[in-house]
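Single-structure report; data block below.
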Amino acid sequence: MTRVWKWNRPVTVREVLEDLQRERSIAYTTVMTVLDNLHQKGWVRREAEGRAYRYEAVSTRAAYAAALMNDAWSQSDNPAAALVAFFGMMSDEQRQALRDAVRIVQGPDRQREDREAPQEENPGSVADADGR
């Protein structure tokens, strides 16, 4: 998938193969099998072009990563604790990116409400989220 996303356009097995061969030795049939498997799983779509196929990602890398995170989070028996643990693993830059993303998702109306709402005097600790 990394190679398909990197090209950001429909690619052939040959193009992916040549790109990969710059770094390591790999067989044409291996690349063909992997792209076929990705197609079977619904991660890429393909269109015939002569005797070959052109493969294109169905979603962006960001959407794929988001789906993975959502899947992992939804399988937790304690989603709040899972989020607290995940946030604890983040770098300062990642936490800032998270804050920025929350502001974008909330939109301008919600951001204004949050600024105007009275703040709690003792909002509790992060540990409260996982019941400790």
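Where a number appears in this text, it was derived from the coordinates with a stated rule and is not lab data. Owing to the predicted nature of the structure, the values given are computational and were not obtained by experimental measurement. A quick note on method: Cβ atoms are made from the backbone with ideal geometry, for glycine too, and the neighbour counts reach across all protein chains shown.
Comparing Cα centroids, the range 29-90 and the range 1-18 end up 16 angstrom apart. Model label sites at ASN8 and ALA52, defined 7 Å from Cα along the beta-carbon direction, differ in position by 2.2 nm.
For the range 2-57, pairs of C-alpha atoms spaced more than 16 angstrom apart make up 35 percent of the total. A Förster radius of 30 Å, combined with the Cβ-Cβ distance separating ARG99 from GLN21, puts the computed FRET efficiency at roughly 0.10. Remark: spin-label model distance TYR64-ALA80 equals 3.5 nm, labels positioned 7 Å along the Cα→Cβ axis.
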